[in-house]
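K.L.:
The structure follows.
Only the coordinates and a few stated rules stand behind these numbers; no lab work does. Since this is a predicted model, take the numbers as computed values, not measurements. Here Cβ is always computed from backbone atoms with ideal geometry, including for glycine, and neighbour counts include all displayed protein chains.
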Amino acid sequence: MSAGSHAPIMAGLTALAAGSVLLALLLGNGSFGWPTTEVDWRIVSEIRLPRALAALVTGSLLALAGTLMQVLLRNPLADPYVLGVSGGAATFALGGMLLGLSMVPTELLAFAGALVSSIIVFVLGQGSGPWSTARMLLTGVVVAAGWGALISLMLALGDDQSLRGMLFWLMGDLGYARVSPWWLLLVIGITVVLMLRARSLNILAAGETQAALLGENPRRRYTEIYVAASALTALAVSIAGTIGFVGLIVPHLMRLVVGADHRRLLPAAALFGGAFLVLADALARNLFSPRQLPVGVLTALIGVPLFLLLLNRSGGRK
């Protein structure tokens with residue numbers, strides 16, 4: 001399909017993202033309607049709008065990170081949550097909170113954890129033998145379990161008064177997430193920069209040998225992708241905690257819609273990832289109103305069966 005034939009799809013995804021934010025603004029506490037009083041407008045502007053923007057930004061970041069991870073492993077089962085990158089970011093961020101390291105930005109701690117996790121997964125996963133995506137995925141699952149154990153230990157040793165808040169944050173919660181509209185420009189800028197690397201990503205997706213034959217430096221490009229995916233994951237974790245499976249679901253679905261060309265896949269994933277998380281958070285706020293669910297619970301309920309479906313379709317592909 002030509003670039004022009006995809007323009008309506010991109011326009012539709014943009015409209016979906018905008019519509020999801022509008023729906024989140026009008027939907028709250030089990031009710032739906034346009035704000036009419038001053039109190040209603042304050043609720044929308046001070047609570048719902050920042051939360052919807054946080055969901056939009058977080059979903060886009062996770063979708064972009066998942067797209068990069070799937071290039072690295074050349075496998076649709078890869079995403080920051082499954083590979084333990086989100087777990088590493090959350091472990092370091094939570095450790096900094098518990099140790100009272102208020103002078104160190106949470107984003108920096110999360111980035112350090114995500115980067116450490118990426119290094120562990122891709123060094124141990126590759127090993128001394130031939131490249132195997134199955135081995136990388138299994139290593140990531142084990143590393144994620146290890147981070148989960150460390151998080152459980154920190155929660156057990158932490159303050160009981162803050163336990164509930166930490167648990168919600170670790171499950172992926174947007175209840176206290178707030179971002180300014182400038183974050184939208186940041187996400188747009190990141191997407192544009194990655195699109196400038198679309199040719200390299202397309203070549204790398206075809207394999208390391210093919211990339212070398214076409215003049216790319218695979219190891220250098222892989223290192224750049226490691227760092228970029230870790231940074232995107234760290235930003236998402238610092239905003240809303242650990243939200244799983246967005247980076248798995250969204251790139252896979254968008255690849256079916258717009259194809260594998262990263263010039264189209266990256267912006268499509270960013271748009272749909274943001275819209276998906278905004279809608280999931282709106283559902284989490286209202287499904288059992290006045291109680292609110294962590295949005296990570298809903299994304300996991302959707303992502304787990306899809307992950308199993310993809311795993312079955314992969315058939316243990318190497």
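K.L.:
Please compute the volume of the convex hull spanned by the alpha-carbon atoms of the chain and report it per residue in Å³. Please report the intermediate quantities before stating the final value.
P.N.:
Details: hull volume 45.4 nm³, N = 318.
Convex hull of Cα atoms, per residue: 143 Å³.
K.L.:
What helices in the chain pass both tests, a Cα length along the helix axis of 24 Å or more and a mean Kyte hydropathy of 1.6 or higher, using whole DSSP H runs?
P.N.:
Details: long enough: 3-26 (34 Å, 1.57); 49-73 (36 Å, 1.64); 106-126 (30 Å, 1.80); 133-157 (36 Å, 1.76); 218-240 (33 Å, 0.50); 262-286 (36 Å, 0.76); 295-314 (28 Å, 1.82).
The answer, listed by residue number, is 49-73, 106-126, 133-157, 295-314.
K.L.:
Next question, about the same structure. Assuming a ≥ b ≥ c are the square roots of the Cα gyration tensor eigenvalues, decide whether the range 94-196 counts as rounded (a/c under 1.5), prolate (otherwise, with a/b larger than b/c) or oblate. Don't jump to the answer; show the numbers that get you there.
P.N.:
Numbers: a/c = 2.27, a/b = 1.15, b/c = 1.96.
Taking the square roots of the gyration eigenvalues as a ≥ b ≥ c, the range 94-196 is oblate.
K.L.:
With r defined as the distance between the Cβ atoms of VAL123 and THR209 and R0 fixed at 22 Å, what FRET efficiency is calculated, to the nearest 0.05?
P.N.:
Numbers: r = 21 Å, r/R0 = 0.94.
It comes to 0.60.
K.L.:
On to the next question. May I ask you to derive the FRET efficiency for THR36 and VAL142 from their Cβ-Cβ distance with R0 = 41 Å, giving the value to the nearest 0.05?
P.N.:
Values: r = 54 Å, r/R0 = 1.31.
Once the sixth-power term is evaluated, E becomes 0.15.
K.L.:
Taking only C-alpha pairs under 8 Å that are 6+ residues apart, what is the relative contact order of the range 62-211 in percent?
P.N.:
Over the range 62-211, the number comes to 25 percent.
K.L.:
Within the set of other residues whose C-beta is less than 12 Å from the C-beta of LEU248, count the net charge using Lys and Arg as +1 and Asp and Glu as -1.
P.N.:
On the way: positive: ARG255; negative: ASP79.
Neighbour charge sum, excluding LEU248 itself: 0.
K.L.:
Under 14 Å from the Cβ of ALA269, count the other residues' Cβ atoms, weight Lys and Arg +1, Asp and Glu -1, and hand me the total.
P.N.:
Numbers: positive: ARG255, ARG263, ARG264; negative: ASP79, ASP261.
Counting the neighbours of ALA269, the net charge comes to +1.
K.L.:
Now for a different question. Assign unit charges at the C-beta atoms only (+1 for Lys and Arg, -1 for Asp and Glu), then state the dipole size of the range 1-114 relative to its Cα centre in Debye, rounded to the nearest 20.
P.N.:
Working: 4 positive and 5 negative charges, 37 e Å.
Result for the range 1-114 is approximately 180 debye, rounded to the nearest 20.
K.L.:
May I ask you to derive the FRET efficiency for ARG219 and LEU196 from their Cβ-Cβ distance with R0 = 25 Å, giving the value to the nearest 0.05? List each step's numbers first, then the result.
P.N.:
Numbers: r = 20 Å, r/R0 = 0.81.
The value I calculate is 0.80.
K.L.:
Where does the range 153-264 land on Rg/Rh, using Cα atoms and the Kirkwood Rh?
P.N.:
Working: Rg = 18.2 Å, Rh = 16.8 Å.
Radius of gyration relative to Kirkwood radius: 1.08.
K.L.:
Relative to the Cα centre, what is the charge dipole magnitude of the chain, using +1 at the beta carbon of each Lys and Arg, -1 at the beta carbon of each Asp and Glu, and rounding to the nearest 20 debye? Can you show the working numbers first?
P.N.:
Values: 20 positive and 13 negative charges, 167 e Å.
Dipole magnitude for the chain comes out near 800 debye.
K.L.:
Using helices alone, I'd like the mean residue ellipticity at 222 nm for the chain: each DSSP H run of four-plus residues gives -39500 (n - 2.57), total over residue count, nearest 500.
P.N.:
Working: 14 runs with 233 residues, N = 318.
Calculated mean residue ellipticity at 222 nm is -24500 deg cm²/dmol.
K.L.:
Can you tally the net charge around VAL257? Count Lys and Arg as +1, Asp and Glu as -1, for every other residue whose Cβ sits under 15 Å from the Cβ of VAL257. Walk me through the numbers before you get to the answer.
P.N.:
On the way: positive: ARG255, ARG263, ARG264; negative: ASP261.
Cβ neighbours under 15 Å give a net charge of +2.
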